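Just below is one structure, and these are the notes that go with it.
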Amino acid sequence: MIDQKTEFFSLPLPHPDNDLAEDVGRLRESISRVDGLIKTQSDLTTSDDPAGLGHMQAVVDNLGTLNSQVGTLTSQVSGFTATLPFFVAAGTSAPIPVTINGR
């Protein structure tokens, strides 16, 4: 039996060299899978909230808000200098002043 598949969904294809008895099951499988794909497409285009896209939009909105907040925090700490005791110059016990430059 020659087992060819479609390019995008790997659906079984009949082949002229196959016995009809072999290809009937393959054709049934392909038609059933196409039916499922059409059902999914129909559900996505007729639903009030297809595939939870409202939830996905909320995630995108929250990411935008977080990005804005990071930008605000970055500008607020730009040029801030602090001495942090856990940053110590090699070979000394003196803390190194650390400058946050907003980048």
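No value in this document is a laboratory result; all are computed from the given coordinates. Bear in mind that the values here come from a model prediction, so they are computed numbers and not experimental data.
Diagonalising the gyration tensor over the Cα atoms of the range 1-46 and scaling each eigenvalue by 5 before taking the square root yields semi-axes of 26, 11, 5 Å, largest first. Segment Leu66..Gln4, full-extension length gain: 17.5 nm, with 0.36 nm per residue of separation and the alpha-carbon distance subtracted.
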